[in-house]
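Before any comments, here is the structure.
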Amino acid sequence: MRQSLTHKILSAHLLSGRLDEGEEIAVRIDQTLTQDATGTMTYLQFEAMNLPRVKTECSVSYVDHNTLQNGFENADDHLFLQTAAERYGVYYSRAGNGICHQVHLERFAKPGKTLLGADSHTPTAGGMGMLAIGAGGLDVAVAMGGGAYYLPRPQVLRITLTGELAPWVSAKDIILEVLRHLSVKGGVGKIIEYGGPGVKTLSVPQRATITNMGAELGATTSIFPSDEQTLTFLRAQGREEDWKPWAADEDAVYDQELTLDLATLVPLVAKPHSPDNIAPVVESVGTLVQQVAIGSCTNSSYVDLMRVAAILKGKHIHPRVSLVISPGSRQVLTMLAANGALADLLNAGARILESACGPCVGMGQAPSSGAVSVRTFNRNFAGRSGTNDAQVFLASPETAATCALTGSITDPRTLGEFPQIPFPATFWLDDSMILAPANSTQTTDVIVRGPNIQPLPLAKPLPDTLELPILLKAGDNITTDDIMPAGSKVLPLRSNIPAISEYVFYKIAPGFAAKAKAAKQGLILAGQNYGQGSSREHAALAPMYLGIRVVLAQSFARIHRANLINFGILPLTFVNPEDLGRLSEGQTLTLSVLKERTRHPEPFPILIEGEQKPIWVQHDLTERQAKIVRAGGLLNATKNKVL
């Protein structure tokens with residue numbers, strides 16, 4: 001059988017298993033990526049493995065999340081990351097150099113290679129023809145040490161693009177249309193592979209916008225072929241030698257297929273509070289806007305911001321609107337400054353933020369109370385902006401810039417002639433803010449640790465019997481932002497698990513941490529898609545520290561389920577989803593014979609205190625995952641050599 005692009009890359013990197021549906025496979029990882037909100041824990045975990053140096057072709061440590069230094073914590077973490085990178089042979093991208101996904105696309109991503117990143121938007125590099133997967137930091141640490149990355153054999157969904165985008169319709173509208181079709185759960189267990197004649201009309205940055213937001217579908221990753229557009233981008237980046245053509249065979253077979261005619265698309269928005277709450281812009285026209293935020297890893301490329309500058313040139317934003325712009329990289333910002341576009345943005349009233357994630361992770365620029373904020377970001381979960389009652393719409397840079405001018409949600413097609421932005425033949429190149437790793441004879445043993453960097457906590461092995469109070473009953477689509485919030489107050493504590501654990505569920509269940517500590521151990525109940533969103537492993541690590549031993553849900557998001565397993569928390573699902581209604585906070589559940597029951601996939605009963613009829617649950621752990629849970633997590637399993 002002829003192969004999809006996905007299967008070609010997986011086959012070239014397959015270490016164990018078969019590409020048969022449902023079977024767990026292990027793949028070799030060529031590159032890894034961390035950022036400073038996940039990186040400190042990743043390098044503490046790598047250090048615990050007692051390895052002298054990373055074994056990947058390329059590993060990069062980025063500083064882009066915690067750049068707001070209103071205390072010593074973030075600066076201390078950066079120094080720790082810089083010295084750890086020097087010690088272990090890792091590239092280090094300094095604060096101000098740019099957002100990890102934008103910089104990685106510019107300077108490191110290679111077609112046909114595999115990338116594992118401790119950030120859920122790592123699939124951005126799929127726009128380069130790379131198989132790029134987001135994961136928890138512990139999985140990334142293992143990959144840095146030369147270990148395999150394990151995943152169930154994913155289904156491959158082919159999305160065939162035909163036609164060409166009309167003026168004022170962008171790559172953002174393509175992925176919003178895909179979200180409208182599939183929802184935030186529609187990509188779970190799938191790799192999304194784009195093909196068809198419409199692909200040739202999209203540049204690498206446009207493709208990267210689409211693969212970036214594939215994470216909001218719950219997909220394992222998304223990927224485009226490597227073709228002439230890929231070569232054009234790499235040549236402009238001075239990396240032509242990194243290009244190789246990669247494409248699916250013409251008669252490749254897919255698990256599912258979907259066709260989109262680009263010519264039929266219109267400007268879209270994702271309305272509050274979910275990336276799949278999609279509607280045409282025209283349906284929200286007239287909604288007053290108080291803030292516009294342009295940038296993030298989704299839409300901060302050179303062409304994106306040049307088009308925004310062209311829209312705003314010679315005009316001024318509405319007096320009621322605050323417009324903030326985050327260039328994706330130092331490369332982008334410098335080019336805007338050199339050609340005068342930065343002045344156009346400033347003269348229009350824009351506030352220019354540093355090249356970092358910033359408002360996308362709640363790091364500053366929270367909207368005013370109840371405000372409508374139009375953002376070119378990838379997520380609009382309630383409260384993620386830093387303002388719990390803000391109404392966040394996701395839109396293209398073109399739509400966002402138009403809203404900034406008019407002060408209300410406006411169809412960008414009303415502006416008239418569409419500004420054409422030529423793709424640069426050459427990008428400005430200066431890698432002086434990326435510190436290359438020293439060779440093995442020049443590494444230092446000195447890793448600098450500030451007082452906020454605390455030892456890594458480990459879970460205890462799984463006992464055979466657990467009596468667990470239900471500490472929280474949650475609903476559907478609980479995000480990792482709900483479990484472990486971000487923002488300027490919490491993010492600086494990422495390397496201090498005792499401190500950050502005080503904030504577990506604090507937005508949706510105030511007092512949860514105190515309740516968990518008083519109970520000493522417990523269980524969380526949830527509905528469908530528990531743990532969607534960011535890859536942050538702290539959403540598993542901090543609950544583990546608080547004594548959570550089991551999460552019982554109707555279904556799990558992929559990365560979060562893997563993180564639960566990695567930290568020794570048993571993920572279970574209901575045999576009968578309606579049984580969730582029988583349970584409530586405060587009840588005590590008894591789980592018995594766990595050591596044997598985790599060895600087999602058969603359903604088993606959980607007893608409810610005071611009731612005769614049990615709840616039947618199940619797990620779909622592989623033999624390897626079951627060993628990890630029984631050992632109390634991946635680090636314990638590795639140290640005890642049980643894998």
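Exactly one residue out of L33, L44 is more than 19 Å from the chain's Cα centre (by Cα) and of a type outside the set (D, E, K, R), and it is L44.
Of the helices (runs of 4 or more DSSP H) lying entirely inside the stretch 68-157, the ones with 1 or more residues being over 25 Å from G238 (Cα atoms) are found at 72-88, 137-144. Residues of the stretch 185-214 that are hydrophobic (A, V, I, L, M, F, W, C), modelled with pLDDT of 95 or more and in contact with a strand residue (DSSP E or B) (Cβ under 9 Å, 6 or more places away or on another chain): I191, I192, V199, L202, I210, M213. Scanning the stretch 41-62 for residues that are among the β-branched types (V, I, T) and in contact with a His (Cβ under 9 Å, 6 or more places away or on another chain) yields a total of 1. The single condition among (1) modelled with pLDDT of 95 or more; (2) among the polar types (S, T, N, Q); (3) surrounded by fewer than 24 Cβ atoms within 10 Å (Cβ to Cβ) that S274 does not satisfy is (1).
All of L429, L405 fail the test of being under 30 Å from L234 (Cβ atoms) and among the aliphatic types (A, V, I, L, M), apart from L429.
Of the residues that make up the stretch 564-584, is at least one part of a loop (DSSP other than H, G, I, E, B) and farther than 29 Å from I191 by Cα? Yes; the residues of the stretch 564-584 include at least one that is part of a loop (DSSP other than H, G, I, E, B) and farther than 29 Å from I191 by Cα. Filtered by the rule that a residue be within 16 Å of the chain's Cα centre (by Cα) and among the small types (G, A, S), the stretch 112-164 gives G117, A118, S120, A125, G126, G127, A132, G134, A135, G136, G137. Against the definition (modelled with pLDDT under 95 and either under 26 Å from S408 (Cβ atoms) or outside any loop (DSSP other than H, G, I, E, B) (or both)), how does A382 come out, yes or no? Judged against the criteria, A382 is a match.
Each row is one residue, and each column tells you yes or no for (1) in contact (Cβ under 8 Å) with a residue 60 or more places away in the chain; (2) touching a Ser or Thr at 6+ places or on another chain (Cβ under 7 Å).
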| position | (1), (2) |
| --- | --- |
| Q45 | yes, no |
| S61 | no, yes |
| N66 | yes, no |
| R87 | yes, yes |
| H121 | yes, no |
| G129 | yes, yes |
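Checked against the criterion of being modelled with pLDDT of 95 or more and either among the aromatic types (F, W, Y) or surrounded by fewer than 18 Cβ atoms within 10 Å (Cβ to Cβ) (or both), the candidates P455, P424, P451 yield just one match: P424.
Taking the conditions (1) out of contact with any Phe, Trp or Tyr (no Cβ under 8 Å at 6 or more places or on another chain); (2) crowded, with 17+ Cβ neighbours inside 10 Å; (3) in a helix (DSSP H, G or I) in turn, E283 satisfies each one other than (2).
Restricting attention to the stretch 567-607, the residues that are among the hydroxyl-bearing types (S, T, Y) and over 20 Å from E623 (Cα atoms) total 3. Scanning the stretch 456-499 for residues being among the acidic types (D, E) and under 13 Å from P543 (Cβ atoms) gives a total of 1. In the set (1) buried (at least 24 other Cβ atoms within 10 Å of the Cβ); (2) within 23 Å of T376 (Cα to Cα), the condition left unmet by L157 is number (2). Somewhere in the stretch 90-97, is a residue within 28 Å of A26 (Cβ to Cβ) and crowded, with 24+ Cβ neighbours inside 10 Å? Yes: one or more hits.
In the set A562, A553, only one residue is aliphatic (A, V, I, L, M) and at pLDDT 95 or above; that residue is A553.
The values are calculated or read from the model by the stated rules, or taken from the named source; none is laboratory data. Computed from a prediction, not measured in an experiment: that's the story for all the values here. A quick note on method: Cβ atoms are made from the backbone with ideal geometry, for glycine too, and the neighbour counts reach across all protein chains shown.
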